[in-house]
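A quick write-up on the structure given underneath.
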Amino acid sequence: MTIGDITPKKERKSRRSKHVVDDTAPLLPKRQEEDAGYDEFNGASFTGAVFNLSTTIVGAGIMALPATMKVLGLILGIAMIIFMAFLTDASIEFLLRFSRAGKTTSYGSLMGDAFGKYGRIFLQICVLVNNIGVLIVYMIIIAYDGLLVLEGDVLSGTSSSGVHHAGVLEGWFGEHWWNGRTFVLIVTTLGIFSPLACFKRIDSLRFTSALSVALAVVFLVITVGIAIIKLISGTIMMPRLLPDVTDLTSFWRLFTVVPVLVTAYICHYNVHSIDNELEDSTQIKPVVRTALALCSTVYIMTSFFGFLLFGDSTLDDVLANFDTDLGIPYGSLLNDAVRVSYAAHLMLVFPIVFYPLRLNMDGLLFPSARPLALSNTRFTFTTVGLITLIFLGANFIPSIWDAFQFTGATAAVCLGFIFPAAVTLRDRHSIATKKDKVLAIFMIVLAVFSNVVAVYSDAYAMFKKNSVTEPTA
């Protein structure tokens, strides 16, 4: 008798012969052993799936959206946020439709079905590059804040250009060894990241995902409240509705925000995982659309009120604006509340992004092995190894972000648009319509353009930074 033979009949019926547990390794090729269940699981709920997908979407990128309003104006900026939500929905629909046609249950197996072994491997590498980069950046934001325009740390504080910038903990308690950035990062890794990374099902993260979304809403509520107070008092004006284009330079500047908008909804690497665990797999499309609607609402309100509050002073990362005098009572307390809630939000996003990373790493190293969740040894070593790698990258090589500015942009647009579009154009099962193929070509053109702009902008910024710092060296 196999393990699958003792799977409870109730579970088999509720999953309608899907028998999916966390060990389906959603980004890896489907294996026979995936039908084996290691405990009773009757499927994930609709609400839990929505929170998990929403948390996958809303990461650090939310803080860059108000700056896009400064460039595009409110009308065009909000229209672009809505447009990208619809385009993301279409790309995910491509993934799900072609997965159903090919009877594949993972992104990796879908790419393998369309392009063979090398297509699957390329997908896995892109997920590794994207997710490792994202998680290192999250750690840097939490402990170093090196990613942000703001030079002080979110929690611990740091030194830059000979000037020390106090973080939240240092501002509260003074400078001590236990609120230094390295110690804060060690405690965060051991006390939060590691325990949350040990869950074998993505549905097990539904409560932390709900809390993560709630913390993003806390930031939004504070921003809305401050903006309304200052608007009533007459200290801020209505923001610009349309872009300010006066010359060729300002025209080209409009395109610099495209990468931010294109990557704002990247969540594709977790869609199959969530679909596989749903009690009713027909709910996946409503789950996707509900999550996109929720995130779009948060994005639009954050962009609108963030730009309303700070106007043309809005920085590339709006969190940096919350290190300044807000000009209202208890402004310092509100600044700290925003920074702490945002740091806590990223801590809870970490495990939802780590989940597919671990599955991909295992699939890349052990493509023919039994499912990861059935091997405690592989599960433990892969988890510990990846967390250690991310910790070292964030703690000892903060400049690694320079490299991820290039590779991360490429990997993200591949996962979000190029791969789904390529699968559609490949059309191995002859189910794509002419409209599908036209939309797929548009996705690829937009993704390539976005990547070119991102790489050029990052290269130009690095060159400009080096040219400024060299004379003082």
Q) Thr246 versus Phe183, label points 7 Å from Cα toward the beta carbon: distance in nm? A) 5.1
Q: Treat every Asp and Glu Cβ in segment 55-466 as -1 and every Lys and Arg Cβ as +1, leave all other atoms uncharged, and give the resulting dipole magnitude about the Cα centre to the nearest 20 debye.
A: 1400
Q | For Lys117, solvent-accessible area (1.4 Å; no DNA, RNA or ligand), Å² | A | 120
Q: Taking 7 Å along the Cα-to-C-beta vector as the label spot, tell me the Ile229-Phe207 distance in nanometres, rounded to one decimal.
A: 3.4
Q) By the gyration tensor of its Cα atoms, with a ≥ b ≥ c the square roots of the eigenvalues, what is the shape of segment 55-466: rounded for a/c under 1.5, prolate for a/b over b/c, or oblate? A) oblate
Q) Residues with amide H under 5 Å of Leu278's amide H, sequence separation 5 or more or different chain, H placed in the peptide plane at 1.01 Å from N; which? A) Ala44
Q) Sorted by accessible area (1.4 Å probe), largest first, how do Asp247, Asp436, Asp325 line up? A) Asp325, Asp247, Asp436
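The values are calculated or read from the model by the stated rules, or taken from the named source; none is laboratory data. Keep in mind the model is a prediction, meaning the values are calculated, not measured. Methodologically, a virtual Cβ is constructed for each residue, glycine included, from the backbone with ideal geometry; neighbour enumeration extends over all protein chains shown. All accessible areas refer to the heavy atoms of the entire protein, side chains included, with ligands and DNA or RNA removed. Shrake-Rupley method; radii C 1.70, N 1.55, O 1.52, S 1.80 Å.
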